[in-house]
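Derivation of every value follows stated rules applied to the coordinates shown; laboratory data play no part. For clarity, every value in this text was computed on a predicted model and none was experimentally measured. Cβ atoms come from the backbone with ideal geometry, glycine included; neighbour counts cover every protein chain shown.
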């Protein structure tokens with residue numbers, strides 16, 4: 001598929017041929033959901049923990065006699081029904097990560113890229129470089145393109161001036177190609193790729 005190339009100043013700069021195997025595949029919503037679940041699970045620390053009955057510091061002495069007090073019999077003050085006792089069925093430290101084959105992750109990325117292309121929300125830039133790290137300048141360029149929410153993906157690295165300018169704009173983020181992922185692509189309304197990013201993504205997902 002052929003797509004127009006633009007500049008940050010929103011001026012036409014030729015065309016580029018995008019691979020149909022990557023930017024024009026069938027959008028698999030089930031795969032997108034699986035990849036997002038995998039990504040979100042990887043971000044969970046899994047360090048939540050509470051003390052259970054066997055971990056609470058305290059005496060093991062029987063609190064009072066078994067009979068004759070009129071109270072319900074108790075064998076310990078560390079039970080979950082006691083004040084200061086352990087928690088029953090509380091969270092334990094564990095890993096939340098789930099396994100997902102590489103081919104499924106790649107299919108998810110293809111689906112996300114194809115979805116943006118099919119919606120007409122894919123923009124190809126010649127490059128993404130700013131002379132000055134000025135948020136006002138970048139915001140002006142985005143306004144000309146009628147963009148209020150976008151993920152910009154560059155090649156090996158994001159231009160330092162652009163990175164500084166983007167950090168002050170709400171709903172706009174920038175990533176190098178290696179950081180391209182399904183969650184961030186779908187989180188933003190528009191997807192902006194540089195020519196270098198397109199070449200690297202096609203090589204990565206070939």
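Evaluate region 29-38: report whether one residue or more is part of a loop (DSSP other than H, G, I, E, B) and surrounded by 13 or more Cβ atoms within 10 Å (Cβ to Cβ).
So far as region 29-38 goes, no, none of its residues is part of a loop (DSSP other than H, G, I, E, B) and surrounded by 13 or more Cβ atoms within 10 Å (Cβ to Cβ).
Here's the yes/no breakdown for (1) free of Cβ contacts under 8 Å to residues at least 24 places away in the same chain; (2) surrounded by 12 or more Cβ atoms within 10 Å (Cβ to Cβ); (3) over 44 Å from the mean Cα position of the chain (by Cα):
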residue	(1), (2), (3)
47	no, no, no
53	no, yes, no
58	no, yes, no
66	yes, no, yes
70	yes, no, yes
76	yes, yes, yes
83	yes, no, no
87	no, yes, no
91	no, no, no
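Any residue in region 9-26 that is in contact (Cβ under 8 Å) with a residue 60 or more places away in the chain, in contact with a helix residue (DSSP H, G or I) (Cβ under 6 Å, 6 or more places away or on another chain) and more than 23 Å from residue 179 (Cα to Cα)?
yes
Give me a count of the residues in region 100-134 that are in contact (Cβ under 8 Å) with a residue 60 or more places away in the chain and either exposed (fewer than 12 other Cβ atoms within 10 Å of the Cβ) or touching a strand residue (DSSP E or B) at 6+ places or on another chain (Cβ under 7 Å) (or both).
Going through region 100-134 one residue at a time, the tally reaches 9.
Among the residues of region 76-123, write down those that are farther than 30 Å from residue 14 by Cα, assigned to a helix (DSSP H, G or I) and touching a helix residue (DSSP H, G or I) at 6+ places or on another chain (Cβ under 8 Å).
Matches in region 76-123: 104, 105.
Just to be sure I understand the filter: pairs with C-beta atoms under 6 Å, separated by 6 or more residues or on different chains, first member in region 182-204 and within 15 Å of residue 142 (Cβ to Cβ), second member in a helix (DSSP H, G or I). Which pairs pass?
191/116; 191/185
Any idea which of (1) out of contact with any helix residue (DSSP H, G or I) (no Cβ under 6 Å at 6 or more places or on another chain); (2) under 30 Å from residue 104 (Cα atoms); (3) surrounded by 14 or more Cβ atoms within 10 Å (Cβ to Cβ) is the one residue 6 doesn't satisfy?
(2)
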